[in-house]
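I have placed the structure first, in the form of structure tokens, so that the comments after it can refer back to it.
All of the numbers you see were taken from the coordinates with simple rules; none came from a lab. Since the model is a prediction, treat every value here as computed from it, not as a measurement. All Cβ positions, glycine included, derive from the backbone under ideal geometry; neighbour counts span all protein chains shown.
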């Protein structure tokens with residue numbers, strides 16, 4: 001695959017992540033956004049290196065002031081955005097290393113989202129406690145940042161698996177990691 005094509009695909013996924021931030025589906029618990037879906041898809045489609053690079057482009061665009069974040073770097077939820085980079089890398093790693101099929105891609109999405117949680121939740125806690133002066137208890141963190149978003153994230157993982165399954169059939173050349 002040419003360098004131009006790789007740059008184009010990275011830019012496309014960075015733009016999709018930015019767009020996904022602003023697409024919100026209201027649910028009874030939390031609004032569902034497509035941001036994490038596109039982060040996971042960047043890794044699953046582009047592979048670990050280019051997937052993580054596309055997320056880095058998104059993060060850098062926000063840090064230099066482009067309006068791609070819903071908050072700022074001082075927002076307690078910024079830890080999730082930082083978690084997108086290793087999350088996309090992990091999704092890409094799983095896609096590259098295991099049999100290409102729906103269950104692999106879906107489990108890659110679940111693993112990536114779990115890693116995003118693992119980075120985002122401690123960051124949220126630390127920013128809330130030390131920057132905002134609002135200490136959250138373990139029950140609150142578990143309820144609002146793990147249990148409530150899980151149904152939406154499972155749905156996004158299934159959607160990611162289905163999307164990659166379709167892309168693999170109709171656009172196999174889009175998978176930069178395939179040989």
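In the chain, the longest principal axis of the Cα atoms and the axis of helix 150-170 are about 10 degrees apart. Against the chain, whose longest principal axis comes from its Cα atoms, helix 78-97 is set at around 30 degrees. Where does helix 3-22 land angle-wise versus the long Cα axis of the chain, in degrees 0 to 90, nearest 10? Result, in degrees: 30.
Over the stretch 3-174, what portion of Cα pair distances is larger than 28 Å, expressed as a whole percent? Looking at the stretch 3-174, the distances longer than 28 Å represent 20 percent of pairs. What FRET efficiency do you get for residue 162 and residue 82 if R0 is 22 Å and r is their Cβ-Cβ distance, rounded to the nearest 0.05? It comes out at approximately 0.20.
Each Cα pair under 8 Å and six or more residues apart adds its sequence gap; the mean of these over the residue count of the stretch 76-167 is a relative contact order of 38 percent.
Its DSSP H runs of at least 4 residues, each contributing -39,500 (n - 2.57), put the calculated 222 nm mean residue ellipticity of the chain at -23000 deg cm²/dmol, to the nearest 500. Taken over the Cα atoms of the stretch 22-75, the convex hull encloses 94 Å³ per residue. Across the chain, the mean sequence separation of Cα contacts (distance under 8 Å, 6 or more residues apart), normalised by length, yields a relative contact order of 24 percent.
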